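Report on one structure; see the data block that follows.
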Amino acid sequence: MADRTDIYTIIAHLIKNAAESIEKNAALNAREIRIETVLNDSAISVLSKDSGMVQKQAAIAVLVKDTGTGIPTEQWESIFEQYLSGGTTAQRHRMSLSILRKIIRYYYGDISVVSSSPDLGTEFQVIIPCRQVQA
């Protein structure tokens, strides 16, 4: 199960990146960041750290959508690759997304771009496996 501090870090960085993207998009009148969380009882198949077997596990999905500048489709995967140098906002976003993906994958989760359009914004999805709480 993901650590509370790591979940906070993941969501805080996605919000920060969204806010910076919105600031750059002067074409929009509506400036918005939406966060949605969904608990799915059998959302994903994960490799168990304990048994080494693949099993269905409950997962939390966090969707973060902004009305920022958008990300070209051909960059949807490369934005998660680590930049070795640089200081532009785009490079800092790329660095933080690379680190976020490493944190999320440590917990057998994943992060991806769900949708994105120039000047309409981007939606990211984070899926993190969680343990069922027994009543």
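The values are calculated or read from the model by the stated rules, or taken from the named source; none is laboratory data. In this text the structure is predicted, and so the values were computed from the model without any measurement. Note: ideal-geometry Cβ built from the backbone for every residue, glycine included; neighbour counts use all protein chains shown.
Among the basic types (K, R) and at pLDDT below 65: does that describe R105?
Criteria not met by R105.
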Handout entry: First in segment 106-122 and more than 24 Å from N40 (Cα to Cα), second anywhere and among the aliphatic types (A, V, I, L, M) and exposed (fewer than 13 other Cβ atoms within 10 Å of the Cβ), Cβ under 8 Å, 6 or more apart
Key = D119/A27
Practice task
Test each condition in (1) within 17 Å of E20 (Cβ to Cβ); (2) modelled with pLDDT of 90 or more for T88 and report the one that comes out false.
Solution key: (2)
Completion exercise
Listed by first then second residue, the pairs whose first member lies in segment 23-41 and is part of a strand (DSSP E or B), whose partner is at pLDDT below 75, with beta carbons under 9 Å and at least 6 positions apart or on separate chains, are D41/K56; D41/Q132
Practice task
Please go through segment 102-120 and pick out each residue that is closer than 24 Å to E32 by Cβ, in contact with a Leu (Cβ under 8 Å, 6 or more places away or on another chain) and buried (at least 18 other Cβ atoms within 10 Å of the Cβ).
Solution key: I111
Completion exercise
The residue that is modelled with the lowest pLDDT, considering only those in segment 8-46 that are touching a helix residue (DSSP H, G or I) at 6+ places or on another chain (Cβ under 9 Å) and aliphatic (A, V, I, L, M), is L28
